[in-house]
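First the structure, in the form of structure tokens, and then the observations on it.
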Amino acid sequence: MIHRPQSQHPAASSEAGWPSRLLGDVTPQAFAKAVSRVGDSQQQKPMQRAVQVIDAAGAAALRNMGVPAKGRPLNDVLTQLLEDIHPWRAKMDHPRFFAFIPGPASPLSALGELATAMHNAHAGSWLQSSGASAIEMGLIEWLASRVGLPATAGGLFVSGGSMANLTALTVARDQKLAPHERSIAVAYVSEQTHSSVAKGLKIIGFLPDQIRRMPTDDAFAMDMAALACAMEQDRAAGLKPFVVIASAGTTNTGSVDPLRAIRALCDQHGLWMHVDGAYGASAALSPAHRGLLDGIGEADSLSWDAHKWLFQTYGCGMVLMRHREHLPQSFHTRPEYLRDAQTDADQVNHWDLGAELTRPARAMKLWLTLQVLGSQAMGDAIAHGCQLAQWAEDELRQHAGWDVVSPAQLAIVTFRMTQPGLSPEDTDALNRAISRRALEDGFAAVLTTQLKGRTVLRICAIHPDATELDMRETIRRLDAYGRESAMALTL
Ligand SMILES: Cc1ncc(COP(=O)(O)O)c(C=O)c1O
């Protein structure tokens, strides 16, 4: 049974129930109307241009707007925000935005964020937010169980994948290295590992030559023979291998490294195994796709972003640990001014588990989304992304002149138009031209990336509202832009 606290004192004098002095002239009714206006503005409009970047004069006007001594009407300010500022962005949440990792956030997540912000819960300690802290603990346990981590697992919500990686790597360092070993330590990544890993290693004190970038195989997954060999060489040179960072869903191709083989090698040599599942771990919620992540539950630590494929607004990621006590062993501090907030067993001060002291209750928006949608609908929405990428691949294979560079994998497919007689460099230029044309046309956003030194087009299709027609028409248009651009190049 869930308990509700009783009110013991009369409401504060403010009519609104929150500080009226900080509301200016805005009445609670006007405030509520503004909230509903923001909600309405979320309605999808047809995509005009996928990416709209403000020009220099426009940026200067915004930058120099200044701050008025006397406040302006809420409606005017809101109009400016909704019509003059936010349209200058990439439409990461449009169903046909297939670039980067799209951000198709559920409006339920935005609502959860608003509700949490209105109560301004301080999710640092149990004393300050016992309700939200209990939800955070429960959600972390549920997520850990979805990927097959044991009951010893724990973790916390952080701002995203970069912070999750940084947090986990700090723990790996502390668990595996004595202080005097830090200068001889070596970390292993693949050439497809996300750049936030090297950044995190740098922040916690490692030099670039302490990171080994392993080659990848034809499926862009870590080459195990190369990894074993590099470890042997480093040991022989008197160095101390301490962590392998495996990817469960690389950013470029959605590839999953051989997680069980990496676990076995880590066990053999006493290394920490971190899995960066910032993008791909969400596939664990789709019964049809969780098998693709085989071995993910063997990790010592795992990064997982809810603001990617769990449809949350930005600023919502998780770091999970196989053993929950490892986080406080790295992050616990006990200054005198925080001692009143000590916890009993079964309670947690989340400020002891990570770098942040004051932190928002990031778990609440994911909680609200999952409670309203249910885990099945969430799993179906994730599965749909994998299907979309399959449709894209299928359509590509029906048009001559396209190489599928990496097949549909965790909702990502990469491909490249080739034309007889074009040099590799001209082929790179052709594929860049196709992407530029797509952005100009605005029907769908498709950008390029580099694989094995060559430019390829990349689709990451995780929007649950994108349709088969959207996908096939996108490929047909890319094909048409390609043929036009190829003619210009070969003339
Ligand atoms: C595999 C992977 N890891 C880490 C990150 C970094 O996550 P964030 O942008 O949330 O910091 C990304 C971002 O795209 C990613 O794809």
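The values are calculated or read from the model by the stated rules, or taken from the named source; none is laboratory data. Not measured: the values here are computed from a predicted model. Neighbour counts run over all protein chains shown; Cβ positions are idealised from the backbone, glycine included. Note: areas computed on protein heavy atoms with side chains; ligands, DNA, RNA excluded. Shrake-Rupley method; radii C 1.70, N 1.55, O 1.52, S 1.80 Å.
Okay, here's what the table says:
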{"quantity": "In the stretch 301-325, the residues that are more than 11 Å from the ligand (Cβ to nearest atom) and surrounded by fewer than 24 Cβ atoms within 10 Å (Cβ to Cβ)", "calculated": "Thr313, Arg322, His323, Arg324, Glu325"}
{"quantity": "Qualifying positions in the stretch 432-491 - assigned to a strand (DSSP E or B), open to solvent by less than 40 Å² (accessible area, probe 1.4 Å) and of a type in the set (Lys, Arg)", "calculated": "Arg458"}
{"quantity": "Candidates Ala445, Ala438, Ala461 - the one that is over 22 Å from Ser282 (Cβ atoms) and touching a strand residue (DSSP E or B) at 6+ places or on another chain (Cβ under 9 Å)", "calculated": "Ala438"}
{"quantity": "Tally of residues being open to solvent by 10 Å² or more (accessible area, probe 1.4 Å) and in contact with a Gly (Cβ under 7 Å, 6 or more places away or on another chain) across the stretch 280-295", "calculated": "2"}
{"quantity": "Enumeration of residues in the stretch 93-109 that are within 15 Å of the ligand (Cβ to nearest atom) and either assigned by TED's automatic domain parsing to the domain that holds Ala278 or open to solvent by less than 40 Å² (accessible area, probe 1.4 Å) (or both)", "calculated": "Phe97, Phe98, Ala99, Ile101, Pro102, Gly103, Pro104, Ala105, Ser109"}
{"quantity": "Unmet criterion (only one of (1) outside the structural domain of Ser286 (by TED's automatic domain parsing); (2) crowded, with 22+ Cβ neighbours inside 10 Å; (3) away from the ligand (no atom under 16 Å from the Cβ)) for Gln398", "calculated": "(2)"}
{"quantity": "Residue selected from the stretch 185-221 under the condition open to solvent by 60 Å² or more (accessible area, probe 1.4 Å) and assigned to a loop (DSSP other than H, G, I, E, B), by the criterion nearest to Tyr279 (Cα to Cα)", "calculated": "His194"}
{"quantity": "Tally, over the stretch 144-165, of residues that are closer than 21 Å to Leu285 by Cβ and away from the ligand (no atom under 16 Å from the Cβ)", "calculated": "9"}
{"quantity": "Unique match (being away from the ligand (no atom under 16 Å from the Cβ), polar (S, T, N, Q) and open to solvent by 10 Å² or more (accessible area, probe 1.4 Å)) among Thr116, Thr170", "calculated": "Thr116"}
{"quantity": "All positions within the stretch 247-298 that are more than 16 Å from the ligand (Cβ to nearest atom), in a helix (DSSP H, G or I) and within 24 Å of Met231 (Cβ to Cβ)", "calculated": "Arg260, Ala261, Arg263, Ala264, Leu265, Cys266, Asp267, Gln268, His269, Gly297, Glu298"}
{"quantity": "Any hit, the stretch 121-136, residues being out of contact with any Ser or Thr (no Cβ under 7 Å at 6 or more places or on another chain), small (Gly, Ala, Ser), more than 20 Å from Leu327 (Cα to Cα) and in contact (Cβ under 8 Å) with a residue 12 or more places away in the chain", "calculated": "no"}
